[in-house]
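Enquirer: Got a structure here, written out as structure tokens. Questions coming.
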Amino acid sequence: MENTSTPTHCPYCALQCGMTVTPLPQGGAEVSERPDFPVNRGALCGKGRTAAQVLSPAVRLTTPLVRSGGRLVEAGWGEALDLIAERLGRTRQEHGADALGVFGGGGLTNEKAYALGKFARVVLGTSQIDYNGRFCMSSAAAAGTKAFGLDRGLPFPLEDVPRTGCVILVGSNLAETMPPSLRFFTELRENGGTLIVVDPRRTRTAEQADLHLAPRPGTDLALALGLLHLVVAEGRTDEGFVRERTTGWEEARAGAMAHWPEYVERITGVSVPELRQAVRMFCEPESAMVLTARGPEQQAKGTDTVGAWINLCLATGRAGRPLSGYGCLTGQGNGQGGREHGQKADQLPGYRKLDDPAARRHVAGVWGVDPDSLPGPGRSAYELLDALGTDIRALLLMGSNPVVSAPRATHVEERLRSLDFLAVADVVLSETAELADVVLPVTQWAEETGTTTSLEGRVLLRRRAVAPPPGVRSDLFVLHELAGRLGVEKGFPTDAEEVFGELRRASAGGPADYSGITYRRLAEENGVFWPCPETPEVPEVPDPGGRDGPEGLGEPGVPQDPARPAGAAVHPGTPRLFLDRFATADGRARFVAVAHRAAAEEPDGVYPLLLTTGRVVAQYQSGAQTRRVAELNAAAPGPFVELHPRLAARLGAAEGDRLAVVSRRGRAVAPARITTAIRPDTVFMPFHWPGEGRANNLTNPALDPTSRMPEFKSCAVRVEVLGPEE
Ligand code: SF4
């Protein structure tokens, strides 16, 4: 196997592009195109194309490290695992199970996320587990669940995008974050559809738009309400759809009618004619979509903001119908699967709720434990990090780098340093791993088999393509060994397919039902969309939202699994959700009554500007992997502060000058990049770097009351000019 090319998927973003990995005779591996995967059809961005470089022992961890005399020194696996088990056990004995924290990541495979959640609850007995996906998609997940009864980022495949009439893309710079996806939007426009981009910056994505709306950061909620106001005022409401397929319209309508266009223009800076044009473009075609990303979601009112965009879809009948709907463009590689299988503070596998007695009984049955032994919901990600060193004394962290990616990062770093004990399992020595007492070197994407779930809700098989370096073990091995040392001998297999088999049973009957999905099917079908329950019988009526789909959306018929008896059918998976009914108890979607409110922190005399943060094309998230790739570093060597020429003139700043951006939480220093692509009242910083340019020194950890997502996208700052670069 390891001398040949292997079809697999990219380690980075949620598009999960198909790629081929081939080991090289001289060592290492190369990535090449894989045209058979329908989402990217062979196209890769620079991050994916260079992903094999992070497999090199020159940049990744190859041996466990243990802190001794203040330094991390090489150690054996037995010594490192013994130390972790001893310290976790001692902390639990002295301070109780909830003094143990577990922090996961949206890049972990489904199997790892599942095993980590089970490890926390069954082996450690702690409620204190959450993951970095809380920082990415949780507001969209909360809003989708409220409105539709189910959160699957996209309720339709991306291939539907070119065939709809209009897409409003809210707070997504997909031309930089997932470039191969741009073709769906280019094809949309080639087919006569239109693209509206909502973003405070004129990004590469906004440059593709037919209409670019540039609201002030933190005002997307008001913008959506203003559009809904105009929909009603112009008689564009789909009364039949609202009557037959929704509830709660009167309250939502009343909320929107309080946001008249001139008021919304004052709040957002988007003019009334632009608002009217957007409504016309969205409502005139037969079908349309709204897709959100981190812009509207990473706000202290993110759930309401996404809810307002969903209201717009529901009021116009653009949901639960072919080629129409609301979707979230999930960011992290397994951001979708990572939020379904139990590493979230309030959740059990299959997207079950931890406080649901029936869910606890089902999952406890699969795990062979007493339901009453399972802890209840714990703290959300930022709250968990904030409790380190006080309530939480020891932390096990897998696949996350909060020193760079968490809000108010200086404080989070202090909290991590104040722990009695920190163990980190990672591929590279990240800035967070540098603080650890024990670091475990673990396998990564091309060195292991496992599943991820893409932003489309398509479960995919990542295959092992190369052998890992000799000193490296898998995360599943780590959990197996620690469980054994802590007295749980069974239930933590090291084989990913075996873990997936248990995950299938744990998810059976839940909202995210994977029970009908097997590794074999994933390999043969290029992925399967959940929900996909196990069906022993041929279904009498094909699922109208399933693979057979509505007329004009058909795909090949119900597939046969050769592992099953002749004639027995398998569930085809569900590419399109909600076409017949929404996943609520009565099958109707729920409007939410929302109103505009200010950001948690607004500019004032001391901090007169807004900061918004985001990503660049050549780096991924905290940069822990991509900052180790020379080509990517050459393209994006460090942070910068983007500001408008008028603001630069007012400050006396020239291109390249060192600027200090200062908020109530700290300061970050980076060179000026002057551009008319940003509003004069706003500065932008990418967040991929540690050190003096760490943008998250500045960001506000104010949390959304429902999703507990921090407000990364808007905070008040001032800018000081430090002078030319030395
Ligand atoms: S778009 Fe995302 S999944 Fe595709 S190659 Fe780039 S980083 Fe990888």
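The values are calculated or read from the model by the stated rules, or taken from the named source; none is laboratory data. Predicted model, so just to flag it, every value in this text is computed and none were measured. With ideal geometry, Cβ positions are generated from the backbone for all residues, glycine too; neighbour counts draw on all protein chains shown. For accessibility, only protein heavy atoms count, side chains too; no ligands or nucleic acids. Shrake-Rupley method; radii C 1.70, N 1.55, O 1.52, S 1.80 Å.
Enquirer: Please enumerate, by chain and number, the lysines with C-alpha under 24 Å from the C-alpha of Lys301, excluding those fewer than 8 residues away in the same chain.
Expert: Lys146, Lys344, Lys353, Lys713
Enquirer: Rounded to two decimals, what is the ratio between the C-alpha radius of gyration of the chain and 2.2 N^0.38 Å?
Expert: 0.91
Enquirer: How large is the accessible surface of Thr247 in square angstrom, using a 1.4 angstrom probe and rounding to the nearest 10?
Expert: Accessible area of Thr247: about 50 Å².
Enquirer: For the range 66-134 and the range 138-160, what is the separation of their C-alpha centers, rounded to whole Å?
Expert: 31
Enquirer: How far apart, in nm, are two points set 7 Å out from the Cα along the Cα-to-Cβ line at Arg189 and at Asp346?
Expert: 3.9
Enquirer: If each DSSP helix of 4+ residues adds -39,500 (n - 2.57) and the sum is divided by the residues in the chain, what number results at 222 nm, nearest 500 deg cm²/dmol?
Expert: Details: 22 runs with 197 residues, N = 726.
One gets -7500 deg cm²/dmol as the mean residue ellipticity at 222 nm.
Enquirer: Based on a Kirkwood Rh over C-alpha pairs, give the Stokes-Einstein translational diffusion coefficient of the range 138-329 at 4 °C and viscosity 1.567 mPa s in µm²/s.
Expert: In µm²/s, the coefficient is 80.
Enquirer: What aspartates and glutamates sit close enough to Lys47 to cross-link, taking a C-alpha to C-alpha distance under 12 Å and skipping anything fewer than 8 places away on the same chain?
Expert: Within reach: Glu176, Glu631.
Enquirer: Seen from all sides and averaged, what is the projected area of the convex hull of the Cα atoms in the range 609-723, in nm²?
Expert: Averaging across all directions leaves 7.4 nm² for the Cα convex hull.
Enquirer: Turning to a different aspect of this structure: Assign unit charges at the C-beta atoms only (+1 for Lys and Arg, -1 for Asp and Glu), then state the dipole size of the range 138-329 relative to its Cα centre in Debye, rounded to the nearest 20.
Expert: Result for the range 138-329 is approximately 220 debye, rounded to the nearest 20.
Enquirer: Further, regarding this structure: Relative to the Cα centre, what is the charge dipole magnitude of the chain, using +1 at the beta carbon of each Lys and Arg, -1 at the beta carbon of each Asp and Glu, and rounding to the nearest 20 debye?
Expert: For this selection, approximately 800 debye.
Enquirer: Would you work out which of Thr706, Leu643, Asn696 lies farthest towards the positive end of the dipole of the range 609-723, given +1 charges on the beta-carbon of Lys and Arg and -1 on that of Asp and Glu, about the Cα centre?
Expert: Among Thr706, Leu643, Asn696, the one farthest towards the positive end of the dipole of the range 609-723 is Thr706.
Enquirer: If R₀ is 22 angstrom, what is the calculated FRET efficiency for the pair Ala635 and Glu655, using the beta carbon separation as r and rounding to 0.05?
Expert: Working: r = 19 Å, r/R0 = 0.85.
Given R0 = 22 Å and the Cβ-Cβ separation, E is 0.70.
Enquirer: Do any trypsin sites (Lys or Arg not before Pro) in the range 634-726 lie in a loop, going by DSSP, with at most 16 other beta-carbon atoms within 10 Å of their beta carbon, and if so which?
Expert: Qualifying residues, ordered by number: Arg664.
Enquirer: Oh, and also: If I histogram all Cα-Cα distances within the range 24-118 using bins 5 Å wide from 0, what percent of pairs lands in each bin?
Expert: Result, from short to long distances: 2, 9, 10, 12, 18, 16, 10, 8, 8, 5, 2, 0 percent.
Enquirer: Note down the nm distance, to one decimal, between modelled labels 7 Å out along Cα→Cβ at Thr247 and at Glu207.
Expert: 4.8
Enquirer: Return the lysines within reach of Lys490: Cα separation strictly under 20 angstrom, same-chain partners fewer than 8 residues apart disregarded; answer none if there are no such residues.
Expert: Filter leaves Lys112, Lys118.
Enquirer: Would you mind getting the Kirkwood hydrodynamic radius of the range 397-534 from its Cα pairs, rounded to one decimal in Å?
Expert: One over the average 1/r among Cα pairs gives 17.0 Å for the range 397-534.
Enquirer: Convex hull over the alpha-carbon atoms of the range 265-366: what's its volume per residue in Å³?
Expert: Here the figure is 152 Å³ per residue.
Enquirer: With an 8 Å Cα cut-off and a minimum separation of 6 or more residues, compute the relative contact order for the chain in percent.
Expert: 18
Enquirer: Continuing with the same structure: In nm, what is the difference between 0.36 nm times the number of residues separating Arg581 and Ser5 and their Cα-Cα distance?
Expert: Net length gain for the segment: 203.1 nm.
Enquirer: At a probe radius of 1.4 Å, what is the per-residue accessible area of Phe492, in Å² to the nearest 10?
Expert: Surface accessible to solvent at Phe492 totals approximately 10 Å².
Enquirer: Another question about this same structure. Relative contact order for the range 63-153: what is it in percent, counting Cα pairs under 8 Å that are at least 6 residues apart?
Expert: 19
Enquirer: Within the chain, which DSSP H helices have Cα atoms that stretch 18 Å or more along the helix axis and a mean Kyte-Doolittle hydropathy of at least -0.5?
Expert: Span-like helices here: 220-233, 302-315.
Enquirer: When Rg is the radius of gyration of the Cα atoms in the range 1-70 and Rh is its Kirkwood radius, what does Rg/Rh come to? Intermediate values should be presented prior to the final figure.
Expert: Numbers: Rg = 15.0 Å, Rh = 13.5 Å.
Radius of gyration relative to Kirkwood radius: 1.11.
Enquirer: What share of Cα pairs, in percent, lie more than 20 angstrom apart in the range 241-325?
Expert: Beyond 20 Å sits 41 percent of the P(r) for the range 241-325.
Enquirer: Now for a different question. Reported to two decimal places, what Rg/Rh ratio describes the range 280-340 when computed on Cα atoms with Rh from the Kirkwood expression?
Expert: 1.02
Enquirer: I want the local charge near Glu692. Using Cβ-Cβ distances under 11 Å, sum +1 for each Lys or Arg and -1 for each Asp or Glu among the other residues. Working shown, then result.
Expert: Numbers: positive: Arg658, Arg667, Arg694; negative: none.
Computed value for this residue: +3.
Enquirer: Oh, and also: Using 0.36 nm times the number of residues separating Val73 and Glu489, minus their current alpha carbon distance, what extension gain do you get?
Expert: Full-extension gain reported as 146.8 nm.
Enquirer: Ser418 label point, 7 Å along Cα→Cβ, cut-off 12 Å on backbone N: hits in the range 370-407?
Expert: 385-393
Enquirer: Between Glu30 and Thr390, how many nm apart are label points set 7 Å from Cα along the C-beta direction?
Expert: In this crude label model, Glu30 to Thr390 measures out at 5.5 nm.
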